[in-house]
Amino acid sequence: MEVLQTAVLLVAAFVIVSVNGQYYSRIVSGASCSSYTCGTNAKCTISEGRPVCSCLNLHMGDPLVRCIRVECQIDDDCIGSKACLNNRCVDPCAGLCGVNAECQTRNHVPTCSCPPGQTGDPFTACRIADPQAACKPSPCGQNTECNVINEVPVCTCLPGYRGSPLVGCRHECESDYDCGNHLACTSEYKCESPCKCGENANCEVINHRAKCTCPNNWQGSPYVACRPECTHHSDCPRGKPACLYQKCMNPCEGVCGVNANCELRDITPICSCPKDMTGDPFVSCRPFGPRDLCEPNPCGANAICTPGHDNTGKERPVCTCPTGYLGNALFSCQRGECLTDSECPDNRACIDYSCQNPCTGRQCGPTATCTPRRHIAVCTCPDGTRGDAVVTCNRIDTQSVLNSGRFIRYRNY
């Protein structure tokens with residue numbers, strides 16, 4: 001019976017395989033997982049045509065005999081706060097950290113740290129932190145203050161002292177010469193401004209001493225109070241009626257031009273030229289002259305004004321249109337259609353600033369023909385006539401005469 005079973009297990013199948021056009025036979029094993037019995041909690045798989053026995057997941061042992069279930073084989077078999085140790089999910093923090101330290105497990109990895117407010121080596125021991133521990137004892141010099149910033153001692157001079165805080169600090173000043181020229185040393189050993197002037201006074205410090213003065217045009221004692229010459233127009237006398245920049249002034253002074261008059265309207269200066277003069281009252285006034293007849297231009301638009309005289313010899317402005325313009329110079333001058341022949345068509349000429357026919361009937365003789373060409377009148381005699389086309393054209397009488405045995409016809413040459 002055992003021999004028969006062995007024979008059955010060893011039965012092989014022949015398979016015909018084609019390789020590069022050649023046919024070969026190949027033996028394929030007929031073994032399968034149904035012919036093998038793996039151990040308890042084991043599984044059977046086929047690999048390269050042969051059965052293979054292995055333990056199920058989370059099982060360990062002899063897969064041909066018996067596999068025993070375990071809690072874990074790797075860390076990923078456990079929850080994130082535990083790790084796999086000896087096939088069991090355990091807390092990796094147990095006994096790992098030092099005294100008073102905290103332990104947290106993330107992704108199966110334990111981490112030791114000191115609680116807030118404590119410091120030290122979390123793998124040895126944690127202790128309550130002293131924020132000023134780095135300043136005990138103080139590494140700073142005399143007259144200094146030590147403060148811990150980011151666990152680092154920082155030294156600074158006490159108020160009113162200066163110098164190197166690591167070596168020692170002293171008063172800001174012992175005398176005026178310890179201060180800048182614009183400061184003085186006070187009884188509190190501080191460099192401060194010595195200015196103690198009166199109200200509205202100016203103060204200038206020279207060699208640590210204050211010099212008090214009133215502003216320009218102000219009155220009073222610079223060590224008590226300074227006041228302006230005026231604050232309202234009513235504070236000023238008649239000759240200087242305006243209070244400008246807190247000083248009594250005459251607004252007309254230096255405002256108007258040469259020979260100009262200045263009158264005050266309230267405190268506003270009004271500049272004007274005298275009646276017999278003209279010009280810019282803010283620059284200069286002068287007597288009237290012929291050129292003033294055309295200033296401003298009394299003529300029409302685009303017209304030219306020229307000083308002249310009327311029939312009685314009295315001076316008056318004369319208005320004319322400039323070259324190339326047409327119209328009434330008293331009202332408006334308009335630019336003509338043309339200035340030269342080139343601005344007109346070939347059969348027109350520029351006459352009186354407009355493009356006109358050059359053949360007006362007066363250029364050629366009474367019987368001649370006038371043709372406008374190249375901007376001029378061209379005179380010719382009609383067929384059957386001859387003569388000077390500018391003067392007159394005469395009719396030609398055709399007759400045949402014998403002259404030396406030849407026929408002669410008179411023509412217009």
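Since every read-out is calculated from the coordinates, none of them should be taken as a lab result. Just so you know, these numbers come straight off a predicted model, no measurement behind them. With ideal geometry, Cβ positions are generated from the backbone for all residues, glycine too; neighbour counts draw on all protein chains shown.
Summary of computed values
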| item | result |
| --- | --- |
| All aspartates and glutamates inside 16 Å of K136 as judged from Cα atoms, apart from same-chain residues fewer than 8 positions distant | E145, E151 |
| Zone of Q118's modelled label, taken as backbone nitrogen in region 46-82 under 20 Å from a point 7 Å along Cα→Cβ | none |
| Approximate shape of region 292-333 as ellipsoid semi-axes (Cα gyration tensor, √5λ), whole Å, largest first | 19, 11, 8 |
| Tail beyond 16 Å, pair distance distribution of region 75-129 (Cα, percent) | 44 percent |
| Cα-centre dipole for region 317-377 with unit charges at Cβ (Lys and Arg positive, Asp and Glu negative), debye to 20 | 140 debye |
| Cβ charges +1 (Lys, Arg) and -1 (Asp, Glu), total dipole of the chain, debye | 1980 debye |
| Angstrom value of the Kirkwood radius, inverse mean 1/r, which spans all Cα pairs in region 31-173 | 21.1 Å |
| Computed [θ] at 222 nm, deg cm²/dmol, the chain (DSSP H ≥ 4; -39,500 (n - 2.57); rounded to nearest 500) | -500 deg cm²/dmol |
| Burial ranking of peptide ranges 343-350, 231-238 (average Cβ count within 10 Å, highest at the top) | 343-350, 231-238 |
| Region 233-288, dipole about Cα centre (Lys/Arg Cβ +1, Asp/Glu Cβ -1), debye to the nearest 20 | 80 debye |
| Cα-based equivalent ellipsoid of the chain: semi-axis lengths in Å, sorted from largest, via gyration tensor | 117, 80, 17 |
